[in-house]
Amino acid sequence: MGVLPLRHVYQLHVSLNDIEPAIWRRILVPSEVTLDVLHLLIQKAMGWQDEHLHQFIAGSKLYSDYHPDWDEFGADFEDESTVRIRHILTSPNQTLTYTYDFGDNWQHTIRLEEIKSPDDVDGEQLCIAGERACPPENCGSVPGYYQLLEIMADPEHRDYEDTLFWLGGNFDPDFFSLDVINSFDESSMFDAGNEFFARIEAQEIVMNQLLKTLKNTHPETYHHLHKACMQASKDARSERSSDEGRDQYTSAIADTIDSFFDFDEDGTRQVH
């Protein structure tokens, strides 16, 4: 199985709302990328640690990864792993909101700046420009961030030592490094062995062929299968940089899917 065809590359401007001077990144992503993978790319580019829940908002629609709490609170989310960025942003200057950490409520504006040909970009770069470091995790949203900057700017502040200890070292709000952001274990963002494309391949198998149908016909099985497939993805993640690793990964996904079904003599798949 080959990778999905790379039709276009999206140049996105990602900015953290309500903070001045601005904290922003300019990133390159495949137009075929799904929102769950875009979440990982934004985390990498901004410098977040992926410790909290997140969501995307486009107009009146919400997109997120499935979590049991969504059922408990009756949240109406569309599964982000089934939606590609090109389904939402179709022309330059259209925007999408990305919220990370519902406690601190870090809201980002994602704007499509340009649609490029794959031949016109460096496939080894995720981020091509940006400014300033993202805030430390769990610092208390925008007010807490500004308070932290005030404390760290004054070594004589009564809370300086405690804040320095909490941070685990000094924090430079002006730090920005393309080398750090673009340091991937994989050789290329657009290479077949890349983790992100491996996930897109799996989503093409799992989501398009099975989960979309199951969500309407067997919702309970859908949620269990979705969770199991994501766990299989997590377990195999470290092995996906090689051809053998990708084979193990896709086999793990296939085995996980098959465990939820029986097969008739003619090969028809039946839900347990």
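Bear in mind these aren't lab numbers, they're just calculated from the coordinates by the rules spelled out. A quick note: this is a predicted structure, and the numbers were derived from the prediction, not measured. Every residue, glycine among them, receives a Cβ derived from its backbone with ideal geometry; neighbour counts consider all protein chains shown.
At-a-glance table
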read-out	value
Neighbour net charge for Pro143 - beta-carbon separation under 11 angstrom, K R +1, D E -1	-3
FRET efficiency, Asn138 to Phe77 (Cβ-Cβ, R0 30 Å, nearest 0.05)	0.80
Full-extension gain in nm, Asp174 to Tyr146, via 0.36 nm per residue minus C-alpha separation	8.7 nm
Vicinal HN-Hα couplings computed from phi for the range 49-64 (Karplus, 6.51 cos²θ - 1.76 cosθ + 1.60; Hz; Gly/Pro x)	10, 6, 9, 9, 6, 8, 7, 10, 10, 10, x, 9, 9, 10, 10, 7
Charge tally in the Cβ shell below 14 Å around Leu16, where Lys, Arg are +1 and Asp, Glu are -1, Leu16 excluded	-2
Spin-label model distance (nm) - Ser117 vs Arg86, 7 Å beyond Cα toward Cβ	1.6 nm
Label point distance in nm, Leu40-Phe165, each placed 7 Å from Cα along Cα→Cβ	3.7 nm
Cut-off 11 Å, label 7 Å out along Cα→Cβ of Glu51, residues of the range 113-142 by amide N	136-140
